[in-house]
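Working notes for the structure below.
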Amino acid sequence: MTLFDKFAALAATRASLAECGLKSVNVVMEKILSPTEAIVNGRPTILAGTNNYLGLTFNADCVEAACQALKAEGTGTTGSRAANGTYNAHVALEQDLADYFGCNSVIVFSTGYVANLGMISTLSGSGDVILIDADCHASIYDGCQLSGADIIRFKHNDAADLDKRLRRLGERSARTLVIVEGMYSMLGDRAPLAEIAEVKKRHGAYLLLDEAHSLGVLGANGRGLAEEVGVEDDVDFIVGTFSKSLGAIGGYCASNHPELDIIRFANRPYVFTASPSPSIIASTRKALAILRRHPELKDKLWENALRLYRQLDALGLHLSPEPSPIIAVRLKDKEDAVRAWCALLEQGVYVNLVLPPATPDGGALLRCSMSAGHSFEQVDRITEAFASLASVASPQAANLSGPMAS
Ligand SMILES: Cc1ncc(COP(=O)(O)O)c(C=O)c1O
């Protein structure tokens, strides 16, 4: 036995996918042309799988703010937020976010992954309980693992199942953290947040909501699902990322609990990693200001999302349950998904290929994510690429439009 033996199954899976045409483990973006276009395999390619919801990665004001900060404060902080890595700008961004969310405190983390890891593992420990929606993101699962708490999964988007499990916990519900996402990353479906908030309140538990995919996407002011549903006061902790609508990298937690400020120093993923660089903080602050001032970006994103969803639906494809900026084409088996994904790429359309076990139901996904930066012409070209898949290989075409095996 060696350390590497456990990867044999993974190597075999990759080899079988290579036979279906998957040349390399990672796509390389050879040249980035804009928020929605890159050169891939030497070919101009429409980017339809980026999480760049508001298309801000090339925004002139964000780029300028980043350049100025880079020149003024250097390439990196070379230290943790808890040591030499807190600059004025990190504090200012926390204040900007607190003002935006109308809450007492915000902690800025190095990534969204680290924000989940840090908040979950700090809030919950041995003897506590975490009730997690079954479809939550890997960063949430990893935070649960790190916490040492008892972890119980409840059925995806099922407030009645959550209620049942909290009832069984009895008095322990007062030391229970419930975790859901605003918009789920694979299928773009939303949590039944009003029901979940009512259940957690009734049982005296705490609620952590990951709005990674809903910041800038949902709510009149873009604050996410909690704003859209009108339950912001019932959410104890909102976690999010700068790596999607804000076009940079970093994460945050916003809360009204006065303890938030003090627990940052018990938060190992906050303390033991370097803070985001000045250029990242500067572009994020600018992007947040743009998000707040320009609601038309959210409107354009939704126009594009609805256009693509309707067009793919009209092709008879089996899609994610509700229209949203995340539109997943669902396939039964991974070999068909790989062939279809390669064919899309050859036609100059990049989408995310998502294979089990990362998918919610064991099927495979061709996951599209829309951007306010897409033109209608690009959206229509994405649809044309999917339409032409029917002529790539007939068994694949049958599987593309067939229902998922449950
Ligand atoms: C729901 C969810 N939470 C957290 C993260 C982590 O965010 P980041 O990319 O900033 O680490 C992601 C990233 O894809 C996500 O989808």
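The values are calculated or read from the model by the stated rules, or taken from the named source; none is laboratory data. Since the model is a prediction, treat every value here as computed from it, not as a measurement. Ideal geometry is used to build each Cβ from the backbone, glycine not excepted, and the neighbour counts take in all protein chains shown. The protein model used for the area step is the full one, side chains on, heavy atoms only, and it has no ligands, DNA or RNA in it. Shrake-Rupley method; radii C 1.70, N 1.55, O 1.52, S 1.80 Å.
Data for the structure
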quantity: From the options Leu131, Leu187, residue that is under 26 Å from Gly230 (Cα atoms), open to solvent by less than 40 Å² (accessible area, probe 1.4 Å) and part of a loop (DSSP other than H, G, I, E, B); calculated: Leu187
quantity: Residue within the stretch 210-226 that is near the ligand (Cβ under 8 Å from one of its atoms), under 19 Å from Pro278 (Cα atoms) and charged (D, E, K, R) present; calculated: no
quantity: Considering residues of the stretch 92-118 that are open to solvent by less than 10 Å² (accessible area, probe 1.4 Å), farther than 24 Å from Ala220 by Cα and in a helix (DSSP H, G or I) only, the residue farthest from the ligand (Cβ to nearest atom); calculated: Gly118
quantity: Helices (runs of 4 or more DSSP H) (entirely within the stretch 287-406) containing at least 3 residues that are open to solvent by 10 Å² or more (accessible area, probe 1.4 Å), modelled with pLDDT of 95 or more and of a type in the set (Asp, Glu); calculated: 295-314, 376-388
quantity: The stretch 187-208, residues that are under 23 Å from Ala358 (Cβ atoms), touching an Asp or Glu at 6+ places or on another chain (Cβ under 7 Å) and hydrophobic (A, V, I, L, M, F, W, C); calculated: Ala191, Leu208
quantity: Residue among Leu169, Leu162 that is outside any strand (DSSP E or B), among the aliphatic types (A, V, I, L, M), open to solvent by 10 Å² or more (accessible area, probe 1.4 Å) and more than 12 Å from the ligand (Cβ to nearest atom); calculated: Leu169
quantity: Test: residue in the stretch 55-76 that is open to solvent by less than 50 Å² (accessible area, probe 1.4 Å), within 16 Å of the ligand (Cβ to nearest atom), of a type outside the set (Lys, Arg) and under 30 Å from Glu377 (Cα atoms); calculated: yes
quantity: Any hit, the stretch 381-392, residues being out of contact with any Gly (no Cβ under 7 Å at 6 or more places or on another chain) and within 20 Å of His213 (Cα to Cα); calculated: no
quantity: Count of the stretch 14-36 residues which are in contact (Cβ under 8 Å) with a residue 60 or more places away in the chain and part of a helix (DSSP H, G or I); calculated: 2
quantity: Tabulated pairs, the stretch 55-69, first among the acidic types (Asp, Glu), second open to solvent by 20 Å² or more (accessible area, probe 1.4 Å), C-beta under 6 angstrom, 6+ apart or interchain; calculated: Asp61/Lys286
quantity: Matching residues, the stretch 235-245, being near the ligand (Cβ under 10 Å from one of its atoms) and either buried (at least 24 other Cβ atoms within 10 Å of the Cβ) or farther than 22 Å from Cys368 by Cβ (or both); calculated: Val239, Gly240, Thr241, Phe242, Lys244
quantity: Verdict on Thr86 being surrounded by fewer than 13 Cβ atoms within 10 Å (Cβ to Cβ), closer than 26 Å to Ile249 by Cα, in contact (Cβ under 8 Å) with a residue 40 or more places away in the chain and out of contact with any Pro (no Cβ under 6 Å at 6 or more places or on another chain); calculated: no
